[in-house]
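**Q** A single structure is presented below for examination.
Read the figures in this text as sums done on the coordinates, not as results from a lab. A quick note: this is a predicted structure, and the numbers were derived from the prediction, not measured. Here Cβ is always computed from backbone atoms with ideal geometry, including for glycine, and neighbour counts include all displayed protein chains.
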Amino acid sequence: MDALITGANVLLNKFSGIYTAISADELKQRIDREELFLLLDVRTDAEYQAGHIPGALHIPLDKLRERSSELKGKTTGALVVYCGQSLRSYQASRILKELGLGEAINLEGGMRMWRWEKEKA
């Protein structure tokens with residue numbers, strides 16, 4: 001039930017303009033155009049090591065508050081956040097905003113939608 005409630009809140013926030021998202025195709029185009037943005041992976045260590053989007057900074061969601069200083073000065077341009085399916089990245093975007101690190105753009109569908117190259121740690 002919690003995932004259903006979170007999903008409903010994400011949808012409500014998206015329609016209200018509080019939540020910003022990007023599709024996997026749009027993200028791939030930005031990467032190919034070499035646009036400046038920070039890509040943040042908030043999945044667990046094991047998930048990250050199994051495969052992540054090249055160039056992503058890894059800070060697990062449960063460590064985001066304590067490690068938020070690592071993001072200061074690195075957010076020139078957009079901040080794109082992803083996880084496995086978008087639930088944790090939604091939570092991360094709310095935390096980042098609360099910490100004054102700006103608006104985060106969430107990868108819709110997370111790694112489940114990423115069908116291109118993955119790096120392994």
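**Q** Over the Cα atoms of region 20-113, what radius of gyration and what Dmax do you get, in Å?
**A** When restricted to the Cα atoms of region 20-113, Rg and Dmax are 11.9, 32 Å.
**Q** Return the FRET efficiency for the residue pair ARG115, LYS72: r is the Cβ-Cβ distance, R0 is 22 Å, and the value is rounded to the nearest 0.05. Write out the running numbers ahead of the final one.
**A** Values: r = 32 Å, r/R0 = 1.46.
About 0.10, to the nearest 0.05.
**Q** OK, next. Check cross-link reach from LYS118 to the lysines: straight Cα distance under 16 Å, and skip same-chain residues fewer than eight apart.
**A** Within the straight-line cut-off, LYS118 pairs with LYS28.
**Q** A further question on this structure: Can you order the peptides 99-109, 28-38, 56-66 by their average number of other Cβ atoms within 10 Å per residue, highest first? Display every interim value, and only then the final one.
**A** Details: 99-109: 17.9, 28-38: 12.8, 56-66: 15.8.
Listed from highest to lowest mean packing, they are 99-109, 56-66, 28-38.
**Q** In region 48-121, which chymotrypsin sites (Phe, Trp or Tyr not before Pro) fall in coil by DSSP and have 15 or fewer other Cβ atoms within 10 Å? Please list the in-between numbers first.
**A** Working: sites: TYR48, TYR82, TYR90, TRP114, TRP116; in loops: TRP114, TRP116.
Of the chymotrypsin sites (Phe, Trp or Tyr not before Pro), the ones in loops of region 48-121 whose Cβ has at most 15 other Cβ atoms within 10 Å are TRP116.
**Q** Give the lysines whose C-alpha is closer than 22 Å to that of LYS63, dropping any in the same chain fewer than 8 places away, or say none.
**A** LYS72, LYS74, LYS97, LYS120
**Q** Still on this structure: Taking the Cα centre of region 20-113 as origin and charging only Cβ (+1 Lys, Arg; -1 Asp, Glu), how large is the dipole, in debye to the nearest 20? Can you show the working numbers first?
**A** Details: 13 positive and 14 negative charges, 44 e Å.
About 200 debye.
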